[in-house]
Amino acid sequence: SLKLLRRLGKLIGTRPVTFLLLSLAICVASSFGLTLWKEEVDEIQLFMPKDSEIRMDASWVEDNFRDELRFESVIVEADNVLTPHVLAAIADLETDVRKIVTSGHDWSDVCARYLTWFPNVNESSAISEIREYMEDFQDNCIYQSLLRIWTQNGTMEPIYKLDEEAIIKSVTNAVNSVRKKPGHKFTSALENIKPLLSGIRKDSKGYVIGAKATILNWILKKTNNWSPDWELEFIKTVLFSNRTLPPGVKIYAVTTRSYEDTLAQVLENNITLLSAGFSLIIIYVMIMLGRFNSVEQRLYLSLLGVSIVGQAIMASYGASFYMGFFWGPIHPVLPFLLLGIGVDNIFIIMQSLDNLKKEDRGEDVAERMGQVLRQAGVSITVTSLTDIVAFAVGTMTVMPFLRSFCVFASMGILFLYIFVILFFMSCLTIDERRLQQNRDGCTCIPQTNWKPNDCSKRDLQKEILKKYIGPVLMKTPVKVCVVYFPEYGKRAAVYLGNDINYYDDKDKLFELYSRLKENKYINQDTLEFWYTAFQDWLSENC
C-alpha cells in the first residue's frame, strides 16, 4: 500500500493539472444531484421505519381524510384572565386579527369552514342535509374563543359591558355544561370553552372565579395560496404591534408556518456561523501553512485547500440526493463536521512535507509528492476509512432521518478523502514548483537574489508550545486545574448477592460499612447503609 501511495503521489506530482481537472469533474458531476433536493419535515417520514404500522396508518389517513387545516393559536396568560380588563384586551386582539388583509384577502377569505372537509360535494345540498340536524346551520369560519360565550356574528360590543359577576356566572355555566341550542340534535365542539381554559379556580360553591390562561384558535384552509402570508401578518399583529396590555398579561402566538420559519432561521444562522468558521479556518491555515515572507507564504494554497470542504459538501449532498435520501433537521451540522475533518487532512499532508529528510527533498517535485503521500496517505486513509465505516454502520438504523444523516456524512468524508488527494495534492505540487522557482506568493513574479527574513525562519508554533504553554502545563497548580474533578463526585453503590446471611454475617457487613467510612475518597455525608438503620430498628423494637 505504501508503494501504491508513493506511485499515486508521484503521478499527481507529474500531472497536477490533469488530476486537478479530474477532481473538479467529479465534483461537478456529483453536484448535479442538488437539483433533486428533497427536504423532509414530516415527523412520520422522519422518525418512523418504512415498514412500521404507524407509517401505514398515517398513509391511509392521508389518502382517505383530507388534511385541509392550518392552525393559528394565541395563548393569553395572566393572574386571572376572567376579568373585564383582560377580556376587553382579548376582544381588541380578535378585532385586529379579523382586520388583517394580505393581497386583498381578509379572514373570511382564508378561513376554513365546516364544508372544507368536503371539497367535492354540492354546497347547497350539503347545507340542506346538515340543517335537518342543525336548523340554523351556516357554513361559517371555524375558530375557537372564550369570547364566543357572549358574542354573536363577531360583534365585540357585549364584551366591553361585562362586569366580574356576569363573567363568573357565564363562564361557570359554560364550563359546567356544553351549550346546546334548541332544535339541535348535536352540540358544537367549537362552543365548548372548558378545553380553552387552563388553571381554572373555583370557590366553595363551585363557581369559576378565575383561570391562569386561555387559548384562542383560528383555523385556515390549507389550499388557499395566501394563507401563509396571512399567517405572517397574524404573527406581526399579535406579537409585534404596539398593543397596550393590562398589567401582568402575556401573549404567545404560534402558527403552522412557525416551525418552518424557525427551521429556516436556524439554517440561516448556521450559514452565518459556517461562513465565520470558514473565515477563521482560512486565516489559521494561511498562518500555519506558510511563512511570513513574500515567497514562502501560501495564500492561494490555503484558500484552495479549504475549498475542498465546500467541494465535498456539494458533491456529497448531490450524491446522496441521487440515491434518494432527504435533507433532515440534523443535517445542518454536517458542514461543521466536514470542515474539521478536511482541514485536519490538510495539516497531515503539510506536516509530512515538513518532516521530509533532506535527501528526500530533491529537485524533482514529483518524487517529493510521492514521498509526502507515502507518509501522509496511510494516516489519511485509515482515519477516513474508520469514519466512513462508523457512519456506514449508522445507515442500518430503522430511523429514516438518522439513516439519511449517516449516508450524507459517509459520502462527505469519502469525497473529502478523494479531493484532498486529487485536488489538494495537485495544488500543492503547483505551489512547490512556484517555491522552487522563487516566485512571489501573490503575484508569482520571480524574485531574484531572494533570501528569507529572520522572522520567517522561526517556527512560532513550536516556540510558543516549547517555551510557554509546555512549562505552564507542567506546574502543579495548573495540573490540578486541568485534571478536573466534578464538584459533587459520582454516585456509586455496593450490591450484595443472595448468598448473604444477614444474621450470621452481621460482623462482616459492619466491617464493610466501616471500611467505606474510612475511605477518604467517599463523601461521608452521602454514605447510606440500610443495614445499620435496620439494626437500630431491631434494637428499639425487639
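The values are calculated or read from the model by the stated rules, or taken from the named source; none is laboratory data. Computed from a predicted structure; not experimentally measured. Don't worry about glycine lacking a Cβ; one is built from the backbone with ideal geometry, like all the others, and counts go over all protein chains shown. Each accessible area value is taken on the protein alone, full model and side chains, heavy atoms only, with ligands, DNA and RNA left out. Shrake-Rupley method; radii C 1.70, N 1.55, O 1.52, S 1.80 Å.
A few comments on the model shown:
- Inter-residue pairs, beta-carbon under 6 Å, first within 17 Å of Ile90 (Cα to Cα) and in the stretch 181-202, second part of a loop (DSSP other than H, G, I, E, B) and modelled with pLDDT of 55 or more, 6+ apart: Leu197/Ala211; Ser198/Lys212
- Inter-residue pairs, beta-carbon under 7 Å, first modelled with pLDDT of 70 or more and in the stretch 126-154, second open to solvent by 50 Å² or more (accessible area, probe 1.4 Å) and hydrophobic (A, V, I, L, M, F, W, C), 6+ apart: Ala126/Phe118
- Test for Leu465: is it more than 29 Å from Ile348 (Cβ to Cβ) and assigned to a helix (DSSP H, G or I): no
- In this structure, Val382 does not qualify as in a helix (DSSP H, G or I), over 27 Å from Leu4 (Cα atoms) and among the β-branched types (Val, Ile, Thr).
- Matching residues, the stretch 39-66, being open to solvent by 60 Å² or more (accessible area, probe 1.4 Å) and either modelled with pLDDT of 90 or more or in a helix (DSSP H, G or I) (or both): Glu43, Gln45, Phe47, Glu53, Ile54, Met56, Asp57, Trp60, Val61, Glu62, Asp63, Asn64
- Hits in the stretch 352-379 (condition: part of a helix (DSSP H, G or I) and open to solvent by 50 Å² or more (accessible area, probe 1.4 Å)): Asp354, Lys358, Glu359, Arg374, Gln375, Val378, Ser379
- The condition of being under 24 Å from Ser320 (Cβ atoms) and open to solvent by 80 Å² or more (accessible area, probe 1.4 Å) does not hold for Lys3.
- Cβ-Cβ distances below 8 Å connect the following pairs, each with a first residue in the stretch 510-531 that is outside any helix (DSSP H, G or I), a second residue that is hydrophobic (A, V, I, L, M, F, W, C) and modelled with pLDDT of 85 or more, and a separation of six or more residues or different chains: Ile522/Leu516; Leu527/Leu516; Phe529/Leu516.
- The residues listed here are Phe423, Phe405, Phe419; of these, the one that is more than 19 Å from Thr18 (Cβ to Cβ), surrounded by 14 or more Cβ atoms within 10 Å (Cβ to Cβ) and either within 36 Å of the chain's Cα centre (by Cα) or without any contact (Cβ under 8 Å) to a residue 60 or more places away in the chain (or both) is Phe405.
- The condition of being open to solvent by less than 60 Å² (accessible area, probe 1.4 Å), out of contact with any Pro (no Cβ under 8 Å at 6 or more places or on another chain) and at pLDDT 85 or above does not hold for Asn224.
- First in the stretch 236-252 and open to solvent by less than 60 Å² (accessible area, probe 1.4 Å), second anywhere and among the charged types (D, E, K, R) and not in a loop (DSSP other than H, G, I, E, B), Cβ under 6 Å, 6 or more apart: Thr237/Asp96
- Val97 being open to solvent by less than 50 Å² (accessible area, probe 1.4 Å), within 23 Å of Glu260 (Cα to Cα), touching a residue at least 24 places away in the same chain (Cβ under 8 Å) and aliphatic (A, V, I, L, M): yes
- Test for Val333: is it closer than 30 Å to Ile54 by Cβ and open to solvent by 70 Å² or more (accessible area, probe 1.4 Å): yes
- Single condition Ile167 does not satisfy, out of (1) crowded, with 16+ Cβ neighbours inside 10 Å; (2) more than 15 Å from Arg148 (Cβ to Cβ); (3) at pLDDT 90 or above; (4) not polar (S, T, N, Q): (2)
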